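The values are calculated or read from the model by the stated rules, or taken from the named source; none is laboratory data. Computed from a prediction, not measured in an experiment: that's the story for all the values here. Ideal geometry is used to build each Cβ from the backbone, glycine not excepted, and the neighbour counts take in all protein chains shown. Just the protein is used for accessible areas: all its heavy atoms, side chains included, with ligands, DNA and RNA removed. Shrake-Rupley method; radii C 1.70, N 1.55, O 1.52, S 1.80 Å.
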Amino acid sequence: MVCTAMCKGGATLVALDEITGRLKWAYGPMVASTPEEANMRFEASPAGGPMTVYASYILDNIEGATHTDTEYGIMAFDSSTGRVKWRRAVCSLRPGQFAAGFATSRRNKIRSFLSPPLYAQGTLYYNSNAGAVAALDALSGQIKWAVRYPYYDAVHDSTRGFGSLDMWEGNSSRHMRPQFWYNQRPLLAGESLYVLPLNAPTLLSIDRRTGKVQWSAGKPCDGSSWLLGVIPSGELALATSAR
């Protein structure tokens, strides 16, 4: 079976037969049975566990032109049937107070980002990209620990532009500043969990058992960076798109 996100009527989580490609089950806007399910988005790869698929979700609570808030969390599905085992909200964001005459008219007023969760040894590690990182019990969905982190001002205000696009000299490629981290799972190495929030310029090293932030570091360059892992010398290796 192949589990992935599919955009049809909205970003939906689907399970496909590995041999035939036929749909086995789906959850989200494509097959929504409730208004809440229709407002959910699954835009990142899920994680696999014992007979279970874990997926990070975004729920935009919108009615008409009113955007109340956006919820970020994890859902666990039975891998064979798609039955929801549990759902756990980790954090939420509310739209800012927009000045009249300046804000762009948008129904969804919150800019959101999704990263895949990580399953390891009965624990699910989740980076919300909305100001919180959490560890959850894979069987029950109970939160073991959660930690907040600072992020770019105004990055979640979708009624306004964020950052800038520049032209590289002698190259037609467009380069955004500030450039985000790549959208990747948290990296577990020993007792340390390394997290790269898309909405922040820092890399976080977190104790995987307690949630204590051991250290944080800024991006080494202006480009978009991907954390490869720990090399034998004990240093972290990153790949980057910058020159």
**Request:** In Å and from the alpha-carbon atoms only, list the Rg and Dmax of the range 1-100.
**Result:** 14.7, 54
**Complete:** If every Lys and Arg gets +1 and every Asp and Glu gets -1 at its Cβ, then about the Cα centre the chain yields a dipole, in debye to the nearest 20, of 140 debye
**Message:** Per 0.36 nm of contour for each residue apart, how much would the distance between Ala89 and Met176 grow if the chain were fully extended, relative to their Cα-Cα spacing?
**Reply:** 28.2 nm
**Asked** Just how much of Thr240 is accessible, in Å², when a 1.4 Å probe is used and the result is rounded to the nearest 10?
**Response** 70 Å²
**Prompt:** With each label point set 7 Å from Cα along the Cα-Cβ vector, what nm distance links Thr68 and Asp207?
**Reply:** 3.8 nm
**Asked** log10 I(q)/I(0), Debye, Cα-only the chain, no solvent, q = 0.07, 0.16, 0.17 Å⁻¹?
**Response** -0.25, -1.26, -1.36
**Item:** Ranking by accessible area, most exposed first, for Asp17, Asp60 with a 1.4 Å probe
**Value:** Asp17, Asp60
**Asked** Measuring from label point to label point, each 7 Å out along Cα→Cβ, what is the Thr240 to Leu188 span in nm?
**Response** 2.9 nm
**Asked** What aspartates and glutamates sit close enough to Lys144 to cross-link, taking a C-alpha to C-alpha distance under 20 Å and skipping anything fewer than 8 places away on the same chain?
**Response** Glu71, Glu191, Asp207
**Asked** Dipole of the range 31-89 (Lys/Arg Cβ +1, Asp/Glu Cβ -1, origin at the Cα centre): which of Thr34, Gly48, Met75 lies farthest to the positive side?
**Response** Gly48
**Loop trypsin sites (Lys or Arg not before Pro), the range 184-215, which have at most 14 other Cβ atoms in a 10 Å radius of their Cβ (DSSP)** = Arg209, Lys212
**Request:** On the full set of protein chains, 1.4 Å probe, figure out the accessible area of Arg87 and give it in Å² to the nearest 10.
**Result:** 80 Å²
**Prompt:** Can you give the FRET efficiency for Cys221 and Thr34, using 1/(1 + (r/R0)^6), R0 = 35 Å, r = Cβ-Cβ distance, to the nearest 0.05?
**Reply:** 0.20
